[in-house]
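Asker: Here it is, the structure, as structure tokens.
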Amino acid sequence: MGPTPRAVATVLIGFGHGGRVFHAPLIAQDPGLDLAAVVTRSPDRRAAARAAYPTAVVAATLDEALQAVPHLELAAISTPPATHAALAAAAIDRGLHVVVDKPFVVRAADGERLVEAARAARRLLLPFSNRRWDGDFLTVQSLVASGALGDVRTFESAMESWKASITKPWKRDATADDGGGLLYDLGPHLIDQALLLFGPAVPVFAELRADRDGAAAEDSVFLVLDHEGGVRSHLHAGTLVSVERPRFHVTGSTAGLTITGTDPQEEQLAAGVLPGGQAGTGPGRGDGGPRGLLGRAGRTEPLAIRRGTYTSFYAGVTAAIRDDGPPPVRAEDALAVARIIEQVHATFPARKGTR
């Protein structure tokens, strides 16, 4: 056997909710990665990063991090959307592979330039589409791929909650031009999952509403996509929803399914539970996790929900960097999502609603 490859030295740019809850623990637990540096301009967040990851260099800028850790190979960007394109371009220019949190970019043209820059530099450019590894989505994907539902006719997907106020200043002030609003926040997950399941699509209808006090962009989304293969997707996102829709509802020619509840991985990570630290999900859970029903000919039966595996994303990143596997998510997939979001905003502008 040859020598064990050195772990990929990684810098995390941004230590807000996304960086602190998702990226940092997922990077830190991956044996192929080394969380070598954290970059954040906030003094409070730099202090929090030092306390949580005492072996990592904590810096205010990427260049400071590179001076301290010259052998960095990978940058993970988890900052407000309007900063993604410039930060990704800077990281590629400095010879780093790059992971970009959602939304990949606010403008598809910026994403196209990033793809070309990464290709010219022979660097990987990877969207962080972690919701591909939600247990409920993996369950739907498996059933669709196996043909267990027959020919799928409609796909309904919803990510809804009750959040009466906007707590993050940048989210309160950001317009759609800055990547603000739910279509840029949860829309990338919903659209990416639909495209992954059923292929290319065009938006045929959307309703965007801004209902919360002080909202600069929409906080309610209903989007209809028509896929080239004939499936129609109905996608919902909302932050003023007291009674949530099922997470998934799929109708096919021979069977259908409904999944309620929410994949527990984000909640576990936020509570400090590392991936794999709790049992998987299944029908009859009483903790708010996903619960499923499979229906055939008017009869229903419990549907077992697969375990979610967010760890798969960074494991795939490591393999791709070491030439042991394909990228876990393609930048072109995220570009397709960005183009749909741009088209929706241009065609179906948000309107102010009432609470």
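None of the figures in this text is laboratory data; all of them are computed from the coordinates on show. Because the structure is predicted, anything quoted here is derived from the model rather than measured. Please note: Cβ atoms are built from the backbone with ideal geometry, for glycine as well, and neighbour counts cover all protein chains shown.
Asker: Okay, helix-only estimate at 222 nm for the chain: each DSSP H run of n ≥ 4 adds -39500 (n - 2.57), divide by all residues, round to 500 deg cm²/dmol; what do you get?
Answerer: Rounded to the nearest 500, it is -9500 deg cm²/dmol.
Asker: With the dipole of the chain worked out from charges on the C-beta (+1 for Lys and Arg, -1 for Asp and Glu) around the Cα centre, which of Val98, Thr167, Gly181 lies farthest toward the positive end?
Answerer: It is Thr167, whose Cα lies furthest towards the positive end.
Asker: If I build a Gaussian network model for the chain, linking alpha-carbon pairs within less than 10 angstrom, which residue out of Val243, Val221, Val344 has the largest mean-square fluctuation?
Answerer: Result for the chain, Cα springs under 10 Å: Val243 fluctuates most.
Asker: Classify region 8-128: rounded, prolate or oblate, from the alpha-carbon gyration tensor (a ≥ b ≥ c, eigenvalue square roots; a/c under 1.5 rounded; otherwise prolate if a/b is larger than b/c)?
Answerer: prolate
Asker: Extent of the chain along each principal axis, from alpha carbon coordinates, in Å, largest to smallest?
Answerer: 63, 53, 39
Asker: Can I ask one more? Hey, what angle do you get for helix 108-121 against the long axis of the chain, alpha-carbon based, 0 to 90 degrees rounded to 10?
Answerer: Result, in degrees: 50.
Asker: Related question: Which angle between 0 and 90 degrees, to the nearest 10, do you get for helix 331-347 versus the longest principal axis of the chain when only C-alpha atoms count?
Answerer: Value to nearest ten degrees: 60.
Asker: At most 11 other Cβ atoms within 10 Å and a DSSP loop assignment: could you name the trypsin sites (Lys or Arg not before Pro) in region 87-162 that fit?
Answerer: Qualifying residues, ordered by number: Arg122.
Asker: Considering only DSSP beta bridges where both residues belong to the chain, give the percentage that are antiparallel (nearest 5).
Answerer: Counting DSSP beta bridges with both partners in the chain, the antiparallel share is about 55 percent.
Asker: Give, rounded to the nearest 20 debye, the magnitude of the charge dipole that the chain has about its Cα centre when Lys and Arg contribute +1 at Cβ and Asp and Glu contribute -1 at Cβ.
Answerer: 400 debye
Asker: Now a separate question. Let me have the relative contact order for the chain, percent, based on Cα pairs under 8 Å that are six or more residues apart.
Answerer: Computed over the chain, the figure is 18 percent.
Asker: Follow-up. If you fit an axis through the alpha-carbon atoms of helix 43-52 and take the longest principal axis of the Cα set of the chain, what angle between them do you get, 0 to 90°, nearest 10?
Answerer: The helix 43-52 is inclined about 90 degrees to the chain.
Asker: Give me Thr262, Thr61 ranked fewest to most by other Cβ atoms within 10 Å of their Cβ, as a rough exposure proxy.
Answerer: Ordered from fewest to most neighbouring Cβ atoms within 10 Å, Thr262, Thr61 come out as Thr61, Thr262.
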